[in-house]
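Novice: Sharing a structure below in structure tokens format, with a few things to ask.
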Amino acid sequence: MKTFLTLFVFASFCCLTAHAAEKPNIVLIYTDDVGYGDVSCYGAQGVETPHVDRLAREGLRFTDAHCSAATCTPSRFAMLTGSYAFRQKGTGILSGNAGMIIKPGVPTLPSLLKQAGYATGVVGKWHLGLGDGNANWNEAIKPGPNEIGFDYHFLIPATGDRVPCVYVEQDRVVDLDPADPIATSYGKPIGDGPFGTDIPEQLKQKWSHGHNSTIVNGISRIGFMTGGKKARWIDEDMADVISHKAVSFIEQHQDKPFFLYFSTHDIHVPRVPHSRFVGKSTMGLRGDAIVQMDWCVGELLSTLDRLKLTDNTLVIFSSDNGPVLDDGYVDMANEKLGDHKPAGGFRGGKYSMFEGGTRVPFIVRWPGHVNPDSKSDALFGQVDLPVSLATLVGVERPEHGLPDSHDELDTLLGEDSIGRSHLVHEAGSLALRVGKWKFISPGSTRENLGPWDIVKVAEPGLLFDLAKDPGETNNIAEQQPEKVAELSKQLAGIRAP
Ligand code: NG6
Ligand code: CA
């Protein structure tokens with residue numbers, strides 16, 4: 001009996017300590033349009049990213065991890081809901097006045113962590129819509145992040161290049177003067193102008209395609225807005241503003257487990273870094289924006305160090321889609337590229353079904369739990385984060401929701417070198433990865449990094465053996481009709497509700 005009791009006490013103690021260790025703080029750093037090759041630890045040329053490199057040196061660097069889609073909105077939707085975006089209509093790139101596409105009540109990454117007692121916050125780019133589809137920017141804008149599991153938010157509502165160019169904190173536009181109300185339009189022009197179309201030569205940064213409507217801070221945007229003059233952001237200060245908010249969130253919640261989803265504006269267009277970063281790369285503004293993004297990472301890491309939270313914080317670094325060069329502004333991204341390979345040598349980038357569209361940097365640091373300076377070639381999808389992190393913190397997968405999120409906690413921590421057996425990539429149509437095989441379904445996709453060429457994908461689709469041909473240069477669909485049929489059938493099965 002005594003031995004049994006001793007064993008019981010010992011076992012309870014072990015469980016308790018193990019349990020405590022399973023509730024690290026979680027900081028998810030999600031960058032925008034950062035390609036596989038855009039940070040030094042993945043081979044960048046012409047720019048240095050010491051803070052991201054520190055994460056890799058102290059953690060696990062994935063070589064085959066993917067965002068869900070080759071654009072922002074569907075990738076973020078999948079990462080937060082554990083559901084591929086193709087399952088829900090209206091999850092493509094959203095306008096700045098779209099309603100929120102994650103329905104309150106659906107289990108999400110933050111709602112699962114909240115169940116485990118986490119304080120949850122999102123700071124930075126949102127682009128999942130706000131309000132009911134007819135947002136009044138002059139009142140509380142609901143539903144928003146707080147209705148789907150976040151306790152706190154400070155947001156760039158859509159993107160840096162879309163109106164409204166204001167921050168939203170806890171459902172309200174920051175610094176809004178009620179005497180100067182905000183209106184937005186994505187159809188008919190509103191406001192007196194001049195617009196980007198009228199005075200392209202007088203703009204701080206000229207537009208190359210789209211982005212020619214309301215001018216804010218000397219830069220014309222997608223969409224029209226009036227009012228909110230005092231509330232409008234200054235692009236050059238954006239990295240400082242959001243890093244400061246993220247640091248405050250960490251400081252305020254240092255005594256309990258917290259989850260911070262820090263979503264940078266960098267390196268999305270318009271690329272207008274603060275003057276202290278200008279010229280800090282050899283690649284012009286796109287490279288300088290990478291330096292600024294890395295600085296933001298450094299701000300968070302040094303805050304964790306200062307508060308002695310580094311050892312008990314799981315940090316994840318990744319990106320929402322592959323790289324792009326000319327994405328609508330004349331910022332010389334192509335001209336100043338030099339030898340740098342934004343997609344790390346993979347084919348395509350943002351908007352593409354080829355690997356460059358979704359294969360992104362993905363780094364996990366958790367001292368004492370993830371081996372430092374290690375590498376994983378396992379197949380991992382960001383769509384797995386909700387269920388994997390729920391498992392980590394001891395929350396069971398709910399009965400409904402998260403249909404595509406697998407428990408890949410062991411992969412995330414570097415214990416499983418294979419990872420997912422299959423993974424879907426979205427970019428208009430769909431692609432399927434199964435082991436070394438990559439099948440791209442018929443449709444069309446983009447080639448190059450802007451300006452683009454369109455590649456028509458004829459029946460029965462494209463097939464690549466990524467083990468032999470990581471650059472997807474040799475389509476072997478004709479030589480392997482059975483494999484194509486098998487993968488096409490498997491994709492149809494996944495696609496079915
Ligand atoms: C495109 C924009 C592009 C970018 C993208 C969204 C034009 C011509 N292009 O429609 O600049 O804003 O949408 O990027 O307007 S994402 O990273 O948020 O998905
Ligand atoms: Ca993006």
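Novice: What does the charge count around Asp465 come to, taking other residues whose C-beta lies under 12 Å from its C-beta (Lys +1, Arg +1, Asp -1, Glu -1)?
Specialist: Its environment carries a net charge of +3.
Novice: Considering only protein heavy atoms, what is the solvent-accessible area of Arg232 at a probe of 1.4 Å, reported in Å² to the nearest 10?
Specialist: 40 Å²
Novice: Mean 1/r over all different Cα pairs, inverted: what Kirkwood radius does the range 352-480 give, in Å?
Specialist: Answer for the range 352-480: a Kirkwood hydrodynamic radius of 16.4 Å.
Novice: Kirkwood-based Rg over Rh for the range 183-226 (C-alpha set), two decimals?
Specialist: 0.92
Novice: Also, I was wondering about something else. Suppose every Lys and Arg Cβ carries +1 and every Asp and Glu Cβ carries -1, with no other charges. What dipole size does the range 104-182 come out with about its Cα centre, to the nearest 20 debye?
Specialist: 340 debye
Novice: In nanometres, what is the gap between the two model label sites at Asp132 and Gln45, each 7 Å from Cα along Cα-to-Cβ?
Specialist: Placing both labels 7 Å beyond Cα along the Cβ direction yields 5.5 nm.
Novice: Working out 0.36 nm times the residue gap between Glu482 and Asp339, then minus their Cα-Cα distance, what length gain in nm do you get to one decimal?
Specialist: Length difference between fully extended and current span is 47.5 nm.
Novice: Can you give me the pair-distance distribution of the chain, C-alpha pairs, 10 Å bins, whole percents?
Specialist: Calculated over all Cα pairs of the chain, the distribution is 4, 20, 31, 27, 13, 4, 1, 0, 0 percent.
Novice: In addition: What trypsin sites (Lys or Arg not before Pro) in the range 443-482 are in a loop by DSSP, with at most 11 other Cβ atoms within 10 Å of the Cβ?
Specialist: For trypsin sites (Lys or Arg not before Pro) across the range 443-482 that sit outside H, G, I, E and B with at most 11 neighbouring Cβ atoms in 10 Å, the list reads Lys468.
Novice: Given the -39500 (n - 2.57) contribution per DSSP H run of 4+ residues, what per-residue ellipticity at 222 nm results for the chain, rounded to the nearest 500 deg cm²/dmol?
Specialist: Calculated at 222 nm, the ellipticity per residue is -7000 deg cm²/dmol.
Novice: In nanometres, what is the gap between the two model label sites at Ser95 and Asp305, each 7 Å from Cα along Cα-to-Cβ?
Specialist: Calculated label separation equals 4.6 nm.
Novice: Leaving out same-chain residues fewer than 8 places away, which aspartates and glutamates sit with a Cα under 13 Å from that of Lys308?
Specialist: Glu251, Asp255
Novice: Please compare each pair in Lys89/Lys142; Lys114/Lys375; Lys436/Lys489 to a cut-off of 25 Å on the Cα-Cα distance and tell me which ones are over it.
Specialist: Long pairs (Cα-Cα over 25 Å): Lys114/Lys375.
Novice: How high is the FRET efficiency from Ser248 to Lys456, r the C-beta distance, R0 51 Å, rounded to 0.05?
Specialist: Calculated value: 0.55.
Novice: If you don't mind, another one. Where does the range 423-495 land on the Kirkwood hydrodynamic radius, alpha-carbon pairs, in angstrom?
Specialist: 12.5 Å
Novice: Relative to the Cα centre, what is the charge dipole magnitude of the chain, using +1 at the beta carbon of each Lys and Arg, -1 at the beta carbon of each Asp and Glu, and rounding to the nearest 20 debye?
Specialist: Computed about the Cα centre, the dipole is about 440 debye.
Novice: Now a separate question. For the chain, the longest stretch holding no GluC sites (Glu not before Pro) located in a DSSP loop with at most 10 other Cβ atoms within 10 Å is which?
Specialist: 1-395
The values are calculated or read from the model by the stated rules, or taken from the named source; none is laboratory data. For clarity, every value in this text was computed on a predicted model and none was experimentally measured. Don't worry about glycine lacking a Cβ; one is built from the backbone with ideal geometry, like all the others, and counts go over all protein chains shown. Only protein heavy atoms, including side chains, enter the accessible area calculation; ligands, DNA and RNA are left aside. Shrake-Rupley method; radii C 1.70, N 1.55, O 1.52, S 1.80 Å.
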